[in-house]
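J.: If you scroll down you'll find the structure; I have some questions about it.
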Amino acid sequence: MDSIVIIGASGHCKVIIDIIEKRNEYIIMGLIDSYKTAGENIMGYPILGNESLIPDLLNTQKIIGGIIAIGDNWVRSEMCDIIKALAPTFKFIPAIHPNAILYNNLHIQEGVVIMAGAIVNSGSTIEAFCFLNTKASLGHDSIMHPYASLAPNVTIAGQVEIGAFSAISISATISNAIKIGIHTVIGASALVLKDVEDLVVAYGIPAKKIRSRRIGDVYL
């Protein structure tokens, strides 16, 4: 089996390790983290160092690539850009839990994470580096643009469009044929019944705009 690394050594890393182990398609050589000390151990895997090691790992250790295990959508994109600049041949693999339910006619791009119990219905598109957390459900013919994320227990109806970098928080529900703008955050347990614009935080039942936000604002 090919060897990979996981970038990020916090909570999402632990979930992704479990997915990779259960699928048994790759060998995890170790973890990459910008802030934790090399030599630390997470779930039996060593932290090798920071992202600057990746070119050497590709050349000397023959890893093929790996996956970014960073929950914040904007920070995940920043790390992706760094890795692509350091190592253009690095392959970003998907991590799809064997207990996720995937219907037919799907389009799933590089670096996507789909966790246990998630459901992706027919005709949907999940673009690069999106995260679908535990028990999230994406309705038929919906699209998630790059770096978007669904938190645990989110319910998305059919024909919904979720803009790039947008985050749908835990247990939120989005009704049919809704469009969520880019860099937008939908709050926990919100019920979204109409389109939501770019760069806002919206929540409530029904959801409404609470305030504006800036690109890269922390939301986790």
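J.: So how many residues does the range 195-212 have that are aliphatic (A, V, I, L, M), more than 24 Å from the chain's Cα centre (by Cα) and not in a strand (DSSP E or B)?
T.: Kept after step one, since they are aliphatic (A, V, I, L, M), are these residues of the range 195-212: 196, 199-202, 205, 207, 210.
Applying the additional criterion that residues be more than 24 Å from the chain's Cα centre (by Cα) yields 205, 210.
When the remaining residues are screened for being not in a strand (DSSP E or B), the result is 205.
Within the range 195-212, residues that are aliphatic (A, V, I, L, M), more than 24 Å from the chain's Cα centre (by Cα) and not in a strand (DSSP E or B) number 1.
J.: Please identify the pairs in which a residue from the range 137-161 that is touching a residue at least 60 places away in the same chain (Cβ under 8 Å) has its Cβ atom under 6 Å from the Cβ atom of a residue that is part of a strand (DSSP E or B) and hydrophobic (A, V, I, L, M, F, W, C), counting only partners at least 6 apart or on another chain.
T.: Close Cβ pairs satisfying both conditions: Ala148/Ile162; Ser149/Phe131; Ser149/Ala167.
J.: Still on this model: I need every pair where a residue in the range 98-117 that is part of a loop (DSSP other than H, G, I, E, B) has its Cβ under 7 Å from the Cβ of a residue that is exposed (fewer than 15 other Cβ atoms within 10 Å of the Cβ) and not hydroxyl-bearing (Ser, Thr, Tyr), sequence separation at least 6 or different chains.
T.: Pro98/Lys22; Pro98/Arg23; Ala116/Asn99; Gly117/Asn99
J.: Of the conditions (1) modelled with pLDDT of 95 or more; (2) more than 29 Å from Leu199 (Cα to Cα), Gln61 clears all except one; give me its number.
T.: (1)
J.: For Ser3, indicate whether it is small (Gly, Ala, Ser) and in contact with a Lys or Arg (Cβ under 7 Å, 6 or more places away or on another chain).
T.: Yes: the conditions hold for Ser3.
J.: Of all residues in the range 184-194, count the ones that are crowded, with 22+ Cβ neighbours inside 10 Å and either part of a loop (DSSP other than H, G, I, E, B) or aromatic (Phe, Trp, Tyr) (or both). Give the steps one after another, and end with the answer.
T.: First, pick out the residues of the range 184-194 that are crowded, with 22+ Cβ neighbours inside 10 Å: 184-186, 190, 192.
This time we only want the ones that are either part of a loop (DSSP other than H, G, I, E, B) or aromatic (Phe, Trp, Tyr) (or both), so: 184, 190.
Final tally of qualifying residues: 2.
J.: Here's a follow-up. When you check Ile170 against the structure, is it in a loop (DSSP other than H, G, I, E, B) and either farther than 23 Å from Gly123 by Cβ or at pLDDT below 95 (or both), yes or no?
T.: The answer is yes for Ile170.
J.: Search the range 121-134 for residues being crowded, with 22+ Cβ neighbours inside 10 Å and in contact with a Ser or Thr (Cβ under 8 Å, 6 or more places away or on another chain), and hand back the single one that is nearest to Gly71 (Cα to Cα).
T.: Step one: filter the range 121-134 for residues crowded, with 22+ Cβ neighbours inside 10 Å, giving 124, 126, 129-133.
From what's left, in contact with a Ser or Thr (Cβ under 8 Å, 6 or more places away or on another chain): 124, 129-133.
Values: Ser124: 22, Phe129: 10, Cys130: 10, Phe131: 8, Leu132: 10, Asn133: 10 Å.
Per the stated criteria, the residue is Phe131.
J.: Right, something else. What pairs can you find where one residue is in the range 57-86 and farther than 24 Å from Met115 by Cβ, the other is among the hydrophobic types (A, V, I, L, M, F, W, C), and their Cβ atoms are less than 6 Å apart, with a gap of 6+ or different chains?
T.: Here the result reads Leu57/Ile63; Leu58/Ala87; Leu86/Ile54, each pair linking the range 57-86 to a residue that is among the hydrophobic types (A, V, I, L, M, F, W, C).
J.: Considering only the range 1-18, state which residues are touching a residue at least 60 places away in the same chain (Cβ under 8 Å) and surrounded by 21 or more Cβ atoms within 10 Å (Cβ to Cβ).
T.: Correct list: Ile4, Val5, Ile6, Ile7, Gly8, Ala9, His12, Ile16.
J.: Related question: Only one residue in Ala100, Ala95, Ala87, Ala69 is in contact with a Cys (Cβ under 9 Å, 6 or more places away or on another chain) and either crowded, with 18+ Cβ neighbours inside 10 Å or over 25 Å from Leu220 (Cα atoms) (or both). Which one?
T.: Going through Ala100, Ala95, Ala87, Ala69 in turn, just one is in contact with a Cys (Cβ under 9 Å, 6 or more places away or on another chain) and either crowded, with 18+ Cβ neighbours inside 10 Å or over 25 Å from Leu220 (Cα atoms) (or both): Ala69.
J.: Would a scan of the range 106-115 turn up a residue that is in the same structural domain as Ser166 (by TED's automatic domain parsing), charged (D, E, K, R) and either at pLDDT 95 or above or crowded, with 16+ Cβ neighbours inside 10 Å (or both)?
T.: Yes, because at least one residue in the range 106-115 is in the same structural domain as Ser166 (by TED's automatic domain parsing), charged (D, E, K, R) and either at pLDDT 95 or above or crowded, with 16+ Cβ neighbours inside 10 Å (or both).
The values are calculated or read from the model by the stated rules, or taken from the named source; none is laboratory data. Every value quoted in this text rests on a predicted model; they were computed, and no experiment measured them. Please note: Cβ atoms are built from the backbone with ideal geometry, for glycine as well, and neighbour counts cover all protein chains shown.
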